[in-house]
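**Q** What follows is a structure written as structure tokens; I'll ask about it next.
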Amino acid sequence: MDSNSDKQESFDFDESRKGKMTLSLALVALISAFGSSFQYGYNVSVINSPAPYMQDFYNQTYIDRKGVPMDKGFQTLLWSLTVSMYPLGGFFGSLMVGPLVNNCGRKGTLLINNLFSIVAALLMGTSEIAKTFEVIILSRVIMGIYAGLASNVVPMFLGEMAPKNLRGAIGVIPQLFITLGILIAQILGLNSLLGNANGWPVLLGLTGIPSVIQLFTLPFFPESPRYLLIQKGNEERARQALQRLRGWDDVDDEIEEMRQEDQSEKEEGQLSVFSLCTFRGLRWQLISIVVMMMGQQLSGVNAVFYYADRIFQSAGVESNNVQYVTVSIGAVNVVMTCLAVFIVESLGRRILLLAGFGLCCGSCAVLTLALNLQNTVSWMSYLSIVCVIIYIIGHAIGASPIPFVMITEMFLQSSRPAAFMVGGSVHWLCNFTVGLVFLYMEAGLGAYSFLIFCAICLITIVYIFFIVPETKNKTFVEINRIMAKRNKVAIQTEKDELMDFYAIPAEQAEKKEISNSEL
């Protein structure tokens, strides 16, 4: 009998027993996503509607202190800081992911992270009473750190808990709650609700409520079984966690897989970001997440939302009603991300990535044409609306949710925290860069800005088509075997097959394969 096939059987799960969505797994996914990811989305859009009233507060506070109105340029600077400190804080939060998840665990990091949100919510909610706008800017940095941690730790936490046949669907849930957070902030930010001179402090302060809920409920759920066994060496707790999450007692297959990975971790240790960037065996995985994260943020999603108001106004929507149209776009975003949860396991990650970026690419190209012709051709303004909706659909089903799923799937335990640090840092830096650069692009290029986004989407599509593998319903080991060929390395098979790769020269790898086949 072929020894390689024997080894293969010992590590693969029983295909007849696919993981199911148990109540414990569903609840931990919902609590993690609501308590963390939801607030990421909420704080992305929460300051958009009350912006004029908040700027008036900045000016009035300055008058009370100095006796003269605030200089227009200084007010613009302060508001720019208020907006941009959030993604900058997200970058710093991403840098904290590795040390925290390795020392405090995935669940422990989420619980600690809630303190950032609660403190920021209290500061923002009392800023008007305290007559200080500085704490709002400080709170935006704190909320950014919170979001930077949450956007990376929640996908990691849920990806390590989910069975392989549900990993994609559960991995999209954080993005679903991000879009839900954006929508709720848009609804509560309506002028008739809290988006007014009296309601904006409450609107900002509400962000602490999900954190309080998570702080009191998440401790009743298990930590990541992989963290418990591989990094804490506690097999009994890992077994108990798996039994609770899977809904059955026989979890020996997964325990055996993690035990073997534990042996490899003891030899290899946790990879730092520097080690990850210089490790030949993970070269293409690293390049892939950088490309996907850059494509996600540089594909023009912020520009589309920026242009949406004027596009709908040009189509005849009254300025007073534009806020309701913005809410409707947010609703489309939620519905399509919800659809992605249900189709990601049937269609696969590659299809959704290619289709998502493809829709974004095509809609950006047509939108450029429509915006330039809308003054001469009356129906072009309606075509612009269609392009905006198609773009939102494309981003919601592929470009937004799938890259974070891929980080979890393309890396093993030793390299996953470092990979999330790299991917998260790229995500937030690109977000910050777009916020700074887009207004200058729009002033210089106008509607032709979308051609740049179109090109970025096209480059991302080409890369994904040729490089990124399908990871649907595959174990972490199987995915790493696929990438081993791309990296021109071989997996060490004598001791374990579950560690990240040792770089073996191609000739040596070929000899090893020949010797194994002769056994």
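**Q** Per residue, how much accessible area does the range 376-490 show when a 1.4 Å probe rolls over the protein heavy atoms, in square angstrom?
**A** Accessible surface, normalised per residue, equals 35 Å².
**Q** Using 0.36 nm per residue, how much length does the chain from F74 to V212 gain when fully extended, once their Cα-Cα distance is taken away?
**A** 46.1 nm
**Q** Full-extension gain between L445 and I343, please, as 0.36 nm times their residue separation minus the C-alpha to C-alpha distance.
**A** 33.0 nm
**Q** Another one. Given the pairs K107/K131; K20/K488; K72/K131; K232/K474, which span a C-alpha to C-alpha distance of over 30 angstrom in this model?
**A** Too far apart for the 30 Å limit: K107/K131; K20/K488.
**Q** Right, here's the next one. Just in the range 338-441: which chymotrypsin sites (Phe, Trp or Tyr not before Pro) are loop by DSSP and have at most 11 other Cβ atoms within 10 Å?
**A** W379
**Q** Taking the Cα atoms only, what angle lies between the long axis of helix 208-217 and the longest principal axis of the chain, rounded to 10 degrees?
**A** 30 degrees
**Q** Could you tell me which of I402, N113, A455 has its Cα farthest along the dipole of the chain towards the positive end, charges placed at Cβ (Lys, Arg +1; Asp, Glu -1), taken about the Cα centre?
**A** The one lying farthest along the dipole's positive direction is A455.
**Q** On a full-extension model of 0.36 nm per residue, what is the gain between T278 and V462, subtracting their alpha-carbon distance, rounded to one decimal in nm?
**A** 63.8 nm
**Q** Using the alpha-carbon atoms, what tilt in degrees (0 to 90, nearest 10) does helix 235-246 show relative to the longest principal axis of the chain?
**A** That helix lies at roughly 60 degrees to the long axis.
**Q** About its Cα centre, what dipole magnitude does the range 23-221 give when the only charges are +1 on Lys and Arg Cβ and -1 on Asp and Glu Cβ, stated in debye to the nearest 20?
**A** With Lys and Arg at +1 and Asp and Glu at -1, about 340 debye.
**Q** Let me ask you something else. Within the range 87-165, report the trypsin sites (Lys or Arg not before Pro) that DSSP leaves as loop and that have at most 16 other Cβ atoms within 10 Å.
**A** K131
**Q** Could you list, bin by bin from short to long, the percent of Cα-Cα pairs of the range 274-490 in 5 Å steps?
**A** 1, 7, 14, 17, 18, 15, 10, 7, 5, 3, 2, 0, 0
**Q** Mind giving me the nanometre distance, one decimal, between the label points for S319 and D64, set 7 Å out from Cα along Cα→Cβ?
**A** Placing both labels 7 Å along Cα→Cβ, they lie 2.9 nm apart.
**Q** Right, another one. Would you kindly state the longest site-free stretch of the chain, with sites defined as GluC sites (Glu not before Pro) in a DSSP loop (not H, G, I, E, B) surrounded by at most 11 other Cβ atoms within 10 Å?
**A** 16-317
**Q** At a 1.4 Å probe, what is the % contribution of carbon and sulfur to the accessible area of the range 23-221?
**A** 73 percent
**Q** If you don't mind, there's one more thing I want to ask. Against the longest principal axis of the chain, how steep is helix 449-467, in degrees 0 to 90 to the nearest 10, with axes from Cα atoms?
**A** 10 degrees
**Q** While we're on this one: With every atom except the alpha carbons ignored, what do you get for Rg and Dmax of the chain, in angstroms?
**A** Cα radius of gyration and Dmax of the chain are 24.2, 89 Å respectively.
**Q** When the dipole is taken about the Cα centre of the chain, and only Lys, Arg (+1) and Asp, Glu (-1) are charged at their Cβ, what size is it in debye, to the nearest 20?
**A** Magnitude of the dipole: close to 1180 debye.
The values are calculated or read from the model by the stated rules, or taken from the named source; none is laboratory data. What you see is a predicted model; the values in this text were computed from it and never measured. Glycine gets a Cβ as well: all are built from the backbone with ideal geometry, and neighbour counts include every protein chain shown. Surface areas here come from the heavy atoms of the whole protein model, side chains and all, with no ligands, DNA or RNA. Shrake-Rupley method; radii C 1.70, N 1.55, O 1.52, S 1.80 Å.
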